[in-house]
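What follows is a set of notes on a single structure, which appears directly below.
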Amino acid sequence: MSTTRDDALSTQPAPVDGGGAGGSVSQPRLGPVGWLRYAWRQLTSMRTALFLLLLLSVAAIPGSTFPQRSIDAARTAQWLTDHPTAGPILDRLGFFEVYASPWFAAIYLLLFVSLIGCVAPRSRIHWHQMRSRPPRAPRRLERLAAHRELEVEGDPDAVRERLRQALRSRRYRVHAHDGVTLSAEKGYLKESGNLVFHLALIGVLVGVAWGHLLGWKGDVILPVGQTFANTLSRYDTFSPGPWVDPTDLDPYTIRLDRLDVEFETEDTGRGQFGAPRDFLASATLTDAEGREEEREIAVNRPLETGNGTVFLLGNGYAPRITVRDADGTVIYSDATPFLPEDNNYTSVGAVKVAGAQPDQLGFAGFFLPTGVIDDERGPHSVFPDTLDPQLALTAFQGTLFPAGAPQSVYTLDTAEMTPLPGKDGEGQLRILLRPGDTFDLPEGRGSITFDGIERFAGLSIRTDPGKMLTLVSALLALGGLVLSLVVRRRRVFVRVRPAGEPGRTVVSVGGLAKDDDEGMDDEVAAVLTAPEGTR
Amino acid sequence: MTDTSLAQLSNQAVYSAMAVLTLAMLAYALYLARIAPGHADDASQEAVRERRLVTAGNATDADQDGPVEPAAPDAAQTGGPGDAEPRGARQAAGVGWALTLLGTALLVAGVGLRAAEVHRWPLGNMYEFALVGAMFTLLGFIGWSTRRDLRWLGLFVVTPVLLTLGAAVVVWYTDASELMPSLKSYWLAIHVTVATMTVAVFTIGAALGVLYLVQDRLEAGGGARRSFMARLPSARALERLTYAAHVVAFPMWTFTVIAGAIWARQAWGSYWNWDPKEVWSFVIWTVYAAYLHARATTGWKRQNAVWIALAGFVCVILNFAVVNVYFVGQHSYSGL
């Protein structure tokens, strides 16, 4: 930002310091308008902008040290449980939603108001400057920061004309206010770039806000072979912007045909064995008109549908489980997604058999792609691929959905359920199944079969109508920034006068730069040697 | 997929680079020690004594060679170290320069071998970031040195580079391996390369900033200036160099953030998700923006502005060394 604003500050109607000797000196009075103007000048001053910038950087930090609800709700809840005293206080202060908190918003909104208050008048001034001529040469050029004088061959008019050409060729805008001086200026792009940078930042903010208001995102877990229809009810979670009509979604469908996953099996370096190497989902996209198209979705290669972009953000296993009643009638059969909990895909999930009689049946437990069960860690997986898949479940009977309250599909609410007892009537029934295994439930409750394994894809479908505005603004800001930092604003003034002997001229050149400019002296020297060089 | 012999060669190149750079550091330290005023073979004093002898009348000895030789031509024009440097100092600087070139070449080889070994851009984990960041810092120093005399800066560039390499080898070393799927993108080459380049320029800028603050304090104190700092550029010149480095780095960092956002949208579905790394990149951006504003504000001391820039560099270091390792986020890399 320019330094002129601070000069303006010195004329602000601030209360004059009336302290000291003359305690009775009456202070100038500020009416309400005066105070408003004073507040506005303060807000739009460079110091305030600087302070707000630093404050913004400090205020952003808690968002990285505390878990954020919008990013990881589970970790946030865990943190709150672990810190029963500090948790609720910090929560009320918005530390778990820093970037949506009033104080964070207050800082950046004040900063942007300050920015507008600074940039708007500067834009007006710059607009006038760009269309006006360089100012008149000061009377005493030797007082300028850079100044040189030289006596050269030629009469004053001819010398001045040569200097005018020299300045033009150095891309100066040149004007002669009178017969003996030249005023030249260049580097208007510095201020233009600076203004573009600041205005473009407003564009970034508007783009972000636009995307927040009109964008939406929804997540869905889709086992291989199943079809997702883009309607609100099919989403596992759906978060629309405040101005989004969630019933107005394009009715396309996506069938997941294959999901190819590759894990590291050779490299045993630190953290490498079992690391994911490739995810590729093959899907069939059917648009609203019924046109089918085979498409691929991969990490870094989302699928554009025209109404939402489909990202492959997760994957896991959905064991196919069948539950039969005592007569052998199938009462549950589905590829049931289990949520991976660690890098080796130790996954948790639940099977809810609402149709079981007389009591509803529920199974909860782990799916282990490469299962190991030890006393210390319990059931866990040691490799993410299905080398030795196992299903470790416990069984419950009772009411699955007490009072019809919403609950996670991956956990069982056992408030109104009792565990099925173990073999000898003691403890809890533990079921361990490998693909193809069937387990007969005690006391004629039927059986549960682990038929096989499907993979599922965690798809996230998102729109952000503001993203192009944000991107274009950000790139404009970058361009403006480079211009404002690279271009130098320089003014050069020339005055010629006849020297003592006829046919010779004394040339006086002064230079004035916007900020401290190492090269100004050289610039003046270069301009000054021009009439000699062209002689 | 990975070639063990290439991996070993890469490691050997890095170790050799560290050994060579250690010697370069010593040579540059020696250089600074020898240009310090009051040093035993300080050029200017010798020169003065020499001239006195000459003027004392023994005209025949006038052509006797003193320890004074014309300084490097670029030294004088940039107002760098005095125009009469002792021969020992010049030799030390020359050795430092040659060793820096050799060490950089070895480091480039180390990075190249690692890339060849994994058949990918060598920017997949913290070890590789540190290696490439150190390499860019040296290349930036070498590049800038061809335009002005920066021998006095050698020690202050080579030392942080060595520290970085040491940490890379001891703490962050990771066997070369393939990338996780979200890193497999050409944006890796764009975003992370520019990010490491920017950190390199910020490093040089921070070194200059520290030198400026020290020089400024010495100049304010006036008095006896017997340290090598007397032969470094003035505080004013150092402040300008600090600013110059940041003027280059700040737009680069802006680009890094924009490129990261574009990639984040592709890989994670959202261009800005307040991931810890994104938070800290934002913090760094605002702090350096504050530096540029502070410097443009009349009435703000240049010293305070430079302090803000140094705070920005602390954030850069935290963003690399702490955020990557201790903060849970999407920038957590495979095996570091």
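None of the figures in this text is laboratory data; all of them are computed from the coordinates on show. Quick caveat, the model's predicted, so the values are computed rather than measured. Cβ sites come from the backbone with ideal geometry, for glycine too, and all protein chains shown count toward neighbours.
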* To do: Summarise the partner chain shielding of A:274-287 as one whole number: the mean count of Cβ atoms from other chains within 10 Å of each residue's Cβ.
  => 2
* Asked: What ranking do A:M46, B:M229, A:M130 get, fewest neighbouring Cβ atoms within 10 angstrom at the top?
  -> A:M130, B:M229, A:M46
* Asked: Got the relative contact order for chain A handy, in percent, Cα pairs under 8 Å and 6 or more residues apart?
  -> 18 percent
* Structure fact -> With a 32 Å threshold on alpha-carbon distance, the violating pairs from A:K190/B:K184; A:K467/B:K277; A:K467/B:K301; A:K352/B:K277; A:K352/B:K184 are A:K190/B:K184; A:K467/B:K301; A:K352/B:K277; A:K352/B:K184
* Structure fact -> In degrees, nearest 10, the alpha-carbon axis of helix A:73-82 is tilted away from the dominant principal axis of the alpha carbons of chain A by 80 degrees
* Any chance you could give the angle, 0 to 90 degrees and rounded to 10, that helix A:102-131 forms with the longest Cα principal axis of chain A? => 30 degrees
* Positive minus negative residues near A:P84 (Lys, Arg vs Asp, Glu; Cβ under 15 Å) -> -1
* To do: Under 13 Å from the Cβ of A:P246, count the other residues' Cβ atoms, weight Lys and Arg +1, Asp and Glu -1, and hand me the total.
  => -1
* **Cα centroid of region A:248-320 to Cα centroid of region A:31-79, whole Å** => 39 Å
* Asked: Over the Cα atoms of region A:269-374, what is the Rg over Rh ratio if Rh follows Kirkwood?
  -> 1.09
* **Average beta carbon contacts from partner chains per residue of B:243-253, 10 Å cutoff** => 3
* Structure fact -> Helix A:32-43: inclination vs chain A longest Cα principal axis, degrees, rounded to 10, gives 80 degrees
* **For chain A, calculated [θ]222 nm from helices alone, where every DSSP H run of n ≥ 4 adds -39500 (n - 2.57)** => -9500 deg cm²/dmol
* Asked: Within region A:77-138, which trypsin sites (Lys or Arg not before Pro) sit in a loop by DSSP and count at most 16 neighbouring Cβ atoms inside 10 Å?
  -> A:R136
* Structure fact -> Cβ density ranking, 10 Å radius, fewest first, applied to A:E262, B:E85 yields A:E262, B:E85
* Asked: What is the mean number of Cβ atoms from other protein chains located within 10 Å of the Cβ atom of each residue in peptide B:282-293, rounded to a whole number?
  -> 6
* Given charges of +1 on the Cβ of Lys and Arg and -1 on the Cβ of Asp and Glu, with all other atoms neutral, how large is the dipole of the protein assembly as shown about its Cα centre, in debye to the nearest 20? -> 5240 debye
* Structure fact -> With the 8 Å Cα cutoff and a minimum separation of six or more residues, region B:186-336 has a relative contact order in percent of 27 percent
* Asked: Going by how many other Cβ atoms sit within 10 Å of their own, how do B:S185, A:S183, A:S408 line up, fewest first?
  -> A:S408, B:S185, A:S183
